[in-house]
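Asker: Below is the structure I would like to discuss, written out as structure tokens.
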Amino acid sequence: MATDDKAIYHFITKTNELENSNYWKYLQNTNLSVNIQWRSGIASSQRIGPGEEETKAFILTLRLFCQDNDLISLRNMKKKIDSLTIDQQLKNEFLDIRDGLNDFLDNFNLIPIITIDEHTPSNREIFNAFMYGKYAHITQHETIESWEKLVSYNGMRAKFDQILREYVAALIALRDVCKKILVDLDEKKVE
């Protein structure tokens, strides 16, 4: 397998793993929700969504796309795709999807129902807090600890699920472009 193909092949394989995971299947077949109750002056909430074990297993693979020390991180893949001698339309398609994902992550909730100290966290802030404070690392553990004390915590956790759904939908679209890129590379080898 050529060096150019290696990263693309792994990107496709790992995206397939995410798409076939129990976590992803749950997100595709069940509506996420949060139930908030107010009893005797005390508020509580409960999230309806994938369980912790499914989430942890999912994150183990997802983090390969997020961390630049991995061959298939989105930043490394951008560099790889930019360096390839392939149809410019394929490069543009890959970059447009990646840029769309980054735009989504940098946006705030359309309805700012999650506010902490008068700050509405962006999708990226919520993603990073859960990813690096609860699941993949503990660098943002203090953030998660402070959020866990809030009634809105389960809302933020459900938002994290929704962010992951968008993230993986983008990865699936990128995977499909990668498949076309492999075909383009193979055609150029024949020429």
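Computed from the coordinates by the stated procedures, all read-outs in this text should not be read as laboratory data. Here the structure is a predicted model, which means the values were calculated and not measured. Using ideal geometry, Cβ is built from the backbone for each residue, glycine included, and neighbour counts are taken over all protein chains shown.
Asker: Grab the Cα-Cα distance for K179 and S40, subtract it from 0.36 nm times how many residues apart they are, and report the gain in nm with one decimal.
Answerer: Contour length minus the Cα-Cα distance gives 44.4 nm.
Asker: Sum up the charges of everything whose Cβ sits under 13 Å from the Cβ of Y23, counting Lys and Arg as +1 and Asp and Glu as -1, but leave Y23 out.
Answerer: -3
Asker: Next up: Extension gain L71-E53, at 0.36 nm per residue separation less the Cα-Cα distance, in nm?
Answerer: 3.9 nm
Asker: For a test of the definition: using alpha carbon positions, the gyration tensor, and the 1.5 limit on a/c, classify the stretch 3-190 as rounded, prolate or oblate.
Answerer: Prolate, because a/c is 1.5 or more and a/b exceeds b/c.
Asker: What distance in nm separates the simple spin-label points at I172 and L60, each placed 7 Å from Cα in the Cβ direction?
Answerer: 2.3
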